[in-house]
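*Asks:* Input: one structure, supplied below.
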Amino acid sequence: GPLGGITATLARVAATHLLVLAIDMPSMTVEYLKSLGHHVTNGGGVVPKLAGRYEPLAAIYPRAADVDLRQASLAGDYSLQGVTERLIGNAKMRAIQVNGSRASLFRNLNRPRDLRAAD
């Protein structure tokens, strides 16, 4: 699942941070992703938060998060919400609140009927 993919990539990435973006968010913009980058710190990532939930599949992870992700995976805790909460608690990530019109950027389209409903 997503936790395994992010964990495996962080273990191999040469950069200090990894941008993760789910393929089912076709409304996401380059501009918004660039704005997320402005919130990244040395060793710290950023995750959007919308309606009380994190958006861990549209986030920037620090390379140091691989330890936390690996521990979660080994413990059988595959919830990205829980892992994200722990990363925030460990000051490896911080949440950025999503408001107003930007909420539509996170709309998921998983099935053909979702695409028809979006038109």
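The values are calculated or read from the model by the stated rules, or taken from the named source; none is laboratory data. If you're wondering where the values come from, they're calculated on a predicted model, not measured in any experiment. Ideal geometry is used to build each Cβ from the backbone, glycine not excepted, and the neighbour counts take in all protein chains shown. What goes into the accessible areas is simple: the full protein's heavy atoms, side chains included, and nothing from ligands, DNA or RNA. Shrake-Rupley method; radii C 1.70, N 1.55, O 1.52, S 1.80 Å.
*Asks:* Restricting to the range 37-56, and then to whatever is surrounded by fewer than 19 Cβ atoms within 10 Å (Cβ to Cβ) and hydrophobic (A, V, I, L, M, F, W, C), can you tell me which residue is modelled with the lowest pLDDT?
*Replies:* Per the stated criteria, the residue is A51.
*Asks:* Between a first residue in the range 6-23 that is under 11 Å from A64 (Cβ atoms) and touching a residue at least 12 places away in the same chain (Cβ under 8 Å) and a second residue that is part of a loop (DSSP other than H, G, I, E, B) and open to solvent by less than 60 Å² (accessible area, probe 1.4 Å), which pairs have beta carbons less than 6 Å apart while being 6 or more apart in sequence or on different chains?
*Replies:* Filtered contacts from the range 6-23: H17/V40.
*Asks:* If you don't mind, another one. Looking for whichever is assigned to a helix (DSSP H, G or I) and either on the phi > 0 side of the Ramachandran plot or open to solvent by 20 Å² or more (accessible area, probe 1.4 Å) (or both) here; the options are D66, D24, D77. Which one fits?
*Replies:* The unique qualifying residue is D66.
*Asks:* Test T29 against the criterion of being polar (S, T, N, Q), in contact with a helix residue (DSSP H, G or I) (Cβ under 6 Å, 6 or more places away or on another chain) and open to solvent by 20 Å² or more (accessible area, probe 1.4 Å), and give yes or no.
*Replies:* No: the conditions fail for T29.
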